Structure formats: structure tokens, C-alpha cells
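The values are calculated or read from the model by the stated rules, or taken from the named source; none is laboratory data. These figures come from a predicted structure and were not determined experimentally. Glycine also receives a Cβ, built like all others from the backbone with ideal geometry; neighbour counts cover every protein chain displayed.
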Amino acid sequence: MTMKTPISFEFFPPKTEEGAVKLQQVHAELSTLKPEFFSVTYGAGGSTQERTINTVLDLNAKGISTAPHLSCIGSTTALLKGLLNRYQAHGINRIVALRGDLPSGMGGGTGGDFNHAIDLVAFIRKEYGDAFHLEVAAYPEMHPQAGSIEKDIQHFVAKAKAGADSAITQYFYNADAYFHFVDRIRAIGCDIPIIPGIMPITNYSNLARFSDACGAEIPRWMRKQLEAYGDDSASIKAFGLDVVSRLCEQLIAGGAPALHFYSMNQTAASKAICDRLGLSPN
Ligand code: FAD
């Protein structure tokens, strides 16, 4: 019997009461797919701090492990320790450890005790031992601020060696970028699992804006096809399902250890891909 590829889903903390009700429903629906874990993002500079904590603790109590994202830039040691203590006291056992980005207008200096995600990983390992499974971020198409791809790969491997258990990637639509990244880091002795981050496609203008900001490439042929669909949402979704399912098939065939879906607090698109891949129960 072949093992099903493990899956996980990412949420953002809802801003409104309506969003909170919707997330409860999405969480219940995606729970039926038996994911390994859920994760909840953390706004730049800690802007969603309380909402992230409340969402994580609420969802984690429903039974499936839920991991808070935690960014360190601009934060003090005391603030992060307070958060980590709270999470530990509530039985949270997995953290997505990030540098994060400073909100615009916060000037050039970081104004905190941490400069890079590696500092947060090392801090958690030193203070909390193995209490948390640590995920870090990886960028198969290079982090947009990295000086060079060589430096970015070296920084990633140093971050892994500082104590990360596994990594989740920025999303991408080109499987070769992922395979190349994995080959490069393996060649220099980094063996942690690299879990592809999967962004379902449901809306072209949002995806284009998002991708420009985070340095994820939408291949030209995909852009042209998505543009040609205009506001024909059904065709965009059907095309997105085909393209992203095929990407996932290539990743699984090439050895990806798991898939992490950027759910955008929606059920349909991620679930359709899992159904197509045979990753849903039954
Ligand atoms: P780092 O690993 O610190 O890398 C950032 C940059 O610094 C890279 O260019 C790297 O090459 C460079 N670098 C690293 N170490 C050094 C060094 N010693 N000297 C010089 N340069 C160095 N953002 C949020 O605000 N909230 C979230 O919830 C969130 N979740 C995310 C989840 C995933 C899976 C991913 C992939 C990204 C997420 N982000 C989130 C975005 C992330 O915070 C940004 O991409 C941020 O710019 C980098 O964070 P990092 O942890 O990758 O940083």
C-alpha cells in the first residue's frame, strides 16, 4: 500500500465576526481531510498578535495540532518569551519561526533583539529545548531581498542547522525550482524535509498582486491564459485546479514529503486539489 502524502492547511486570523464564523466552518470542513496540522499567520510587526493567539488556541483545542506563525523582527526577547510561554502552557507543540517584515514606516533599524529567523530558531532551541517542532520558511525562487541565490541558500542551511525540524516553502508554480532548491541544499549537507507551499488559484488579480510582492513567479503561459479568462471566474478556477493539481503530482512523484496549502480561509479550492490527488479520505 502506498502512503498518502501528508497535508496541512494555513489560515490567517480573521478580522471580523463574520470572518471568525466562516473560519470555524472552513476548519471543520478541512479537518475531515485529516491534515497533520493547521497553521495561523502572524501579521507584520505583531499586528495580529492577540487574534493569532486566540485563533490558534481555539482551533488547537478542537483536536488537530495548530501551529502559530511567529515573526521576530522588531520584537524584544521578553515579548517573544511571553508568547512562547503562553503557547507552551496551552500544549502548542509546533511553531512556524520567521523573521517577518517590518510594517512600512518603521524606519531602517529593526528596533528589536532579532535580525533574522535564525536568531529566533536559536533562541527557541536555547530556551525551550525540543518543546516545539520548528518549521522555517524556504524560497525555491529566492527570497526577494537576498543578495544572491548562493547567499540565500547558505542562509537557509545555516537556519536549518540552528535547529529547524522542517521547512515550508513560499508558493511557486514551477516544480523545477523546488527540485533545484532541494538538490542544492542536500549537496551542502542539509537534510530537513522541505514541504512545498501550495497556492490554489481562484482569482487572477489578487494572485498577481500577491506574487509581485512576495517574489513568486507566475509563468508567462499561465499569466496569459489567466488574463484571457478575464472575469470568467469558473474558467479561472477550473484552469487553476488543473495546473495546481498537476504541479502537486509532479512534486509528490519527485519526492516532496508533504504539501502545505495556503487555504486563504477557503475550503473549496484546496479540497478540490486534495480530492483530485486522492489525498482525501475514501
Ligand atoms: P530569514 O530566514 O531571516 O531570511 C530573510 C532574508 O535575510 C533572506 O534574504 C536571507 O537570505 C537573509 N538572511 C538570512 N540570514 C542572514 C544573515 N545572517 N545575514 C544576512 N542576510 C541574511 N510573514 C509574516 O509577517 N507573517 C507570517 O505569518 C508569515 N508566514 C510565512 C509562512 C511561510 C511558509 C513563508 C514562506 C513566509 C511567511 N511570511 C510571513 C513571510 C516572511 O516573513 C517574509 O518572507 C520575510 O521577508 C522573511 O522571513 P524569513 O523567516 O524567511 O527570514
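Quick notes on this structure:
- Among all residues of region 55-73, there is none that is within 15 Å of the ligand (Cβ to nearest atom) and acidic (D, E).
- Condition check for A131: within 30 Å of Y87 (Cβ to Cβ) and within 12 Å of the ligand (Cβ to nearest atom): no
- Filtered residue count, region 138-153, keeping only those that are near the ligand (Cβ under 7 Å from one of its atoms), farther than 23 Å from F9 by Cβ and not in a helix (DSSP H, G or I): 3
- Residue identified as assigned to a strand (DSSP E or B) and among the small types (G, A, S) among A78, A67: A67
- Listed by first and then second residue, the pairs linking a residue in region 159-178 that is within 14 Å of L98 (Cβ to Cβ) and outside any helix (DSSP H, G or I) to a residue that is at pLDDT below 95 and within 13 Å of the ligand (Cβ to nearest atom), with Cβ atoms under 7 Å apart and 6 or more places separating them unless they lie on different chains, are Q170/C214.
- The residues in region 1-40 that are surrounded by 13 or more Cβ atoms within 10 Å (Cβ to Cβ) and either part of a loop (DSSP other than H, G, I, E, B) or among the basic types (K, R) (or both) can be counted, and the count is 11.
- Boolean, G147 is over 25 Å from R276 (Cβ atoms), modelled with pLDDT under 95 and not aliphatic (A, V, I, L, M): yes
- The requirement of being surrounded by fewer than 22 Cβ atoms within 10 Å (Cβ to Cβ) and of a type in the set (A, V, I, L, M, F, W, C) is not satisfied by A167.
- Enumeration of residues in region 7-28 that are within 19 Å of the chain's Cα centre (by Cα) and either closer than 18 Å to T48 by Cα or within 15 Å of the ligand (Cβ to nearest atom) (or both): I7, S8, F9, E10, F11, F12, P13, P14, L23
- Inspection of region 194-202 finds no residue satisfying the criterion of being farther than 23 Å from S263 by Cα and either near the ligand (Cβ under 9 Å from one of its atoms) or part of a strand (DSSP E or B) (or both).
- Tally of residues being free of Cβ contacts under 8 Å to residues at least 60 places away in the same chain and crowded, with 21+ Cβ neighbours inside 10 Å across region 126-136: 3
- One residue alone among F156, F210 is crowded, with 18+ Cβ neighbours inside 10 Å, aromatic (F, W, Y) and not in a loop (DSSP other than H, G, I, E, B), and that residue is F156.
This table checks each residue for (1) modelled with pLDDT under 95; (2) closer than 27 Å to A160 by Cβ; (3) outside any helix (DSSP H, G or I).
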| position | (1), (2), (3) |
| --- | --- |
| Y42 | no, yes, yes |
| T52 | no, yes, no |
| D58 | no, no, no |
| G63 | no, no, yes |
| G74 | yes, yes, yes |
| L83 | no, yes, no |
| S104 | yes, no, yes |
| I118 | no, yes, no |
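- Number of residues in region 193-207 that are free of Cβ contacts under 8 Å to residues at least 60 places away in the same chain and surrounded by 20 or more Cβ atoms within 10 Å (Cβ to Cβ): the value is 2.
- Residue pairs meeting the criteria (Cβ under 6 Å; at least 6 apart or on separate chains; first under 17 Å from D176 (Cβ atoms), in region 212-229; second among the acidic types (D, E) and within 14 Å of the ligand (Cβ to nearest atom)): E217/E141
- Screening the candidates F37, F11 for the property of being without any contact (Cβ under 8 Å) to a residue 60 or more places away in the chain, of a type in the set (F, W, Y) and within 28 Å of A256 (Cα to Cα) yields one hit, F37.
- Residue match in region 98-109 (condition: of a type in the set (D, E), more than 18 Å from H69 (Cβ to Cβ) and within 8 Å of the ligand (Cβ to nearest atom)): no
- All positions within region 227-272 that are out of contact with any strand residue (DSSP E or B) (no Cβ under 7 Å at 6 or more places or on another chain) and under 30 Å from D191 (Cα atoms): V243, S245, R246, L247, E249, Q250, I252, A253, G254, G255, M264, K271
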